[in-house]
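Below: one structure, written as structure tokens.
What follows draws every value from the coordinates through simple rules; no lab data is involved. Because the structure is a prediction, the values reported are computed rather than measured. Cβ coordinates were reconstructed from backbone atoms using ideal geometry, including for glycine residues, and neighbour counts include every protein chain displayed.
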Amino acid sequence: MKKIKLIIIILFLILVNSNSNSDELNYLFLKLKNAENLSEATSIEKKIWNIWITKGSEQKNNLEMSKGVILLNNGNLNKALKVFLNLCKIEPEWAEPFNKVATIKFLQKDYLTSIKYIKLTLEKERRHFGAISGLAQINLRLGKFENALKNINEALKIHPFVGIKKIKPLLLEKLNKKEINFHLNYIN
């Protein structure tokens with residue numbers, strides 16, 4: 001009987017913690033969307049990333065995430081990739097390991113696999129501005145400028161000060177020149 005009570009208490013605490021993270025994320029995304037300046041947005045963004053990075057169901061998985069991030073930051077892409085792929089298997093509902101795989105595949109210039117993992121990330125966390133920004137970068141590299149602009153605009157709806165915002169004016173200029181060249185070619 002004591003074991004059953006203990007299991008019920010543990011399940012309740014996991015459920016409460018899970019809902020608490022979800023509620024906190026919803027609150028932070030609302031604050032982020034309404035941030036008035038870069039400083040405020042950056043502070044909120046850091047809190048969101050912290051939740052994403054530590055959202056594993058078990059402490060050991062969060063420690064593995066930290067290990068993978070350190071490997072990634074130190075340029076040990078293949079070792080980091082193994083860590084994140086393993087976390088994807090262990091915690092298939094946790095978005096961040098999928099996002100990290102997408103990041104590594106982007107760095108390895110394997111854009112199609114990166115896109116696959118970005119889509120998996122967004123299935124788990126549709127507001128993942130980092131994944132959406134990554135998709136914009138891939139579309140830029142592939143010359144899909146219209147898609148890149150759509151991605152940037154989508155990210156800006158979530159995070160009005162997202163870093164990828166900086167390239168929007170250059171992208172608009174490039175699209176405008178492309179449109180002008182199209183019209184000139186059509187006339188000639």
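Per residue, the average separation of C-alpha pairs within less than 8 Å and at least 6 apart gives segment 57-187 a relative contact order of 14 percent.
Could you pull out the pairs from K144/K177; K31/K165; K47/K82; K144/K168; K144/K165 whose alpha carbons sit more than 20 Å apart here? Going by Cα-Cα distance, K47/K82 fall outside the 20 Å limit. Each Lys and Arg Cβ is given +1 and each Asp and Glu Cβ -1; about its Cα centre, segment 57-187 then shows a dipole of about 300 debye. Each residue, T42 and Q108, gets one label point 7 Å from its Cα in the Cβ direction; the gap between the two is 3.3 nm. Across the cross-link table entries K33/K100; K60/K157; K46/K174, which are compared at the Cα atoms, the separations over 27 Å belong to K60/K157; K46/K174. Compute the label zone of K33 within segment 127-145: residues whose backbone N is under 13 Å from the point 7 Å along Cα-to-Cβ. Under cut-off, by backbone N: 127-128.
The K67 and K144 beta-carbon pair, evaluated with R₀ = 30 Å, returns a calculated FRET efficiency of approximately 0.30.
Whole-Hz Karplus values for segment 139-155 come out as 4, 4, 5, 8, x, 8, 5, 5, 5, 4, 5, 4, 4, 4, 4, 5, 5 Hz, taken residue by residue from phi with 6.51 cos²θ - 1.76 cosθ + 1.60 and θ = phi - 60°; glycine and proline positions read x.
Under the rule a/c < 1.5 gives rounded, and otherwise a/b versus b/c splits prolate from oblate, where does segment 41-101 land using the Cα gyration tensor? Taking the square roots of the gyration eigenvalues as a ≥ b ≥ c, segment 41-101 is oblate. Considering all C-alpha pairs of segment 57-187, those separated by over 20 Å amount to 50%. Across the options N61, Y117, C88, the greatest Cα extent toward the positive end of the charge dipole of segment 57-187 (unit charges at beta carbon of Lys, Arg, Asp, Glu) belongs to Y117.
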